[in-house]
Amino acid sequence: MNSGFVAVAGRPNVGKSTLVNAICGGKVAIVSDKPQTTRRRIFGIANGVDSQLVLADLPGFQRPLDPLTEHMQRTVDAAFEDVEGVLFVLSARERIGAGDRFIARRVFELGVPVVIALNKVDRLKPAHVATQMDAASRLGDFHALHPVSALTGDGLPALRDELVALLPEGPLYFPQEQRSDLPVEVQIAELVREQALRLTKDEVPHAIGVEVEEIEDKVVRADVLVETESQKQIVIGKGGAMIREIGRRARPEIELLLGRSVYLDLRVKVKPRWRRDESLLERLGI
Ligand SMILES: Nc1nc2c(ncn2[C@@H]2O[C@H](COP(=O)(O)OP(=O)(O)O)[C@@H](O)[C@H]2O)c(=O)[nH]1
Ligand SMILES: [Mg+2]
């Protein structure tokens with residue numbers, strides 16, 4: 001069989017996580033339109049007949065400003081070792097510019113094939129897609145370029161085949177039924193965080209962390225961590241409306257993951273400066 005790792009690179013919000021989920025056929029990484037949604041390196045596993053493609057979904061490249069970002073940057077650097085190729089994701093909906101070129105410089109110097117996915121082509125005019133493909137092709141000496149939509153699935157089978165073709169003969173790295181390398185409690189925490197990110201705004205999303213305390217047969221208990229009392233009030237909402245909504249949306253996905261129905265018990269806790277607590281970051285799997 002053929003198997004190996006491909007790193008996924010690209011600016012924030014171009015759809016890297018959505019693409020990884022679509023290629024792996026299920027939710028591996030959470031998605032939102034907020035920056036820093038992806039905080040850790042996640043392996044998404046796509047099994048085929050006689051192949052195992054492992055995609056490393058990564059937080060974006062950024063200048064370390066605080067311990068959380070610095071921690072994230074270290075995982076990004078490490079993930080680019082020992083890959084068979086890079087999947088470089090661009091958004092067809094935005095100008096291909098300085099941000100993309102900054103990342104291009106790093107990926108094209110790795111010495112492995114770079115497959116460009118020009119994402120979000122859904123509902124775009126063919127002429128616009130053609131212009132964007134032309135701009136994308138000038139970023140570097142790429143191996144292949146695929147216009148795709150992670151949302152509609154357009155172009156994904158061909159992209160997946162292209163990536164699988166890069167893989168050498170190798171072992172099964174993960175059990176075939178596994179779709180991600182995250183422990184189940186971290187997967188659950190991520191599903192809660194996804195809804196919390198979607199429902200909050202401004203500085204709140206970035207301050208949210210989720211820690212699963214207990215997974216019992218019928219109950220899952222988790223803490224939603226924030227940094228200040230006012231963030232706590234926002235996340236709880238009027239009469240508890242916000243936290244109830246977060247739970248209501250996250251629960252079906254958690255049940256799908258666990259394969260059974262559970263009661264989701266969420267508590268909002270203020271933990272000042274939790275993002276600076278290295279041991280907590282470790283526990284959260286970041
Ligand atoms: N229209 C459209 N939106 C997309 C597509 N792929 C992702 N998105 C949206 O783009 C936003 C960012 O996606 P995400 O996967 O979190 O981006 P990442 O930061 O690169 O991982 C989300 O709101 C997605 O729903 C696509 O193919 N078409
Ligand atoms: Mg992401």
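The values are calculated or read from the model by the stated rules, or taken from the named source; none is laboratory data. Nothing here was measured: the structure is a model prediction, and the numbers come from that model. Here Cβ is always computed from backbone atoms with ideal geometry, including for glycine, and neighbour counts include all displayed protein chains.
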Query raised in the report: Is it the case that the range 230-246 has a residue that's β-branched (V, I, T) and within 15 Å of V184 (Cα to Cα)?
Result: no
Report task. Kindly list the number of the only condition in (1) more than 11 Å from ligand 2 (Cβ to nearest atom); (2) closer than 18 Å to L163 by Cβ; (3) at pLDDT below 95 that fails for L53. Result -> (3)
Report task. Take L159 and decide whether it is assigned by TED's automatic domain parsing to the domain that holds L87, touching a Leu at 6+ places or on another chain (Cβ under 7 Å), crowded, with 16+ Cβ neighbours inside 10 Å and not aromatic (F, W, Y). Result -> no
Requested in this report: Please name all residue pairs, on different chains or six or more residues apart, with Cβ atoms under 6 Å, provided the first residue is in the range 9-28 and is over 19 Å from Q195 (Cα atoms) and the second residue is polar (S, T, N, Q) and more than 7 Å from ligand 1 (Cβ to nearest atom).
Outcome: V14/S91
Report summary line: Scanning the range 19-38 for residues that are surrounded by 19 or more Cβ atoms within 10 Å (Cβ to Cβ) and closer than 24 Å to Q52 by Cα gives L19, V20, N21, A22, I23, C24, K27, V28, A29, I30, V31, T38
Requested in this report: Count, please, the residues in the range 1-10 that happen to be surrounded by fewer than 20 Cβ atoms within 10 Å (Cβ to Cβ) and more than 15 Å from L166 (Cβ to Cβ).
Outcome: 0
Requested in this report: Quickly run through the range 139-157 and pick out the residues that are within 19 Å of S17 (Cα to Cα) and in a loop (DSSP other than H, G, I, E, B).
Outcome: V148, S149, A150, L151, T152, G153, D154, G155
Query raised in the report: Just checking, how many residues over the range 229-246 are surrounded by 15 or more Cβ atoms within 10 Å (Cβ to Cβ) and closer than 23 Å to R275 by Cα?
Result: 9
Report summary line: If we keep only residues of the range 24-55 that are more than 12 Å from ligand 1 (Cβ to nearest atom) and of a type in the set (A, V, I, L, M, F, W, C), then the residue nearest to the chain's Cα centre (by Cα) is F43
Query - Residue count for the range 93-111, restricted to those that are over 18 Å from V20 (Cβ atoms) and either exposed (fewer than 14 other Cβ atoms within 10 Å of the Cβ) or hydrophobic (A, V, I, L, M, F, W, C) (or both) - result: 12
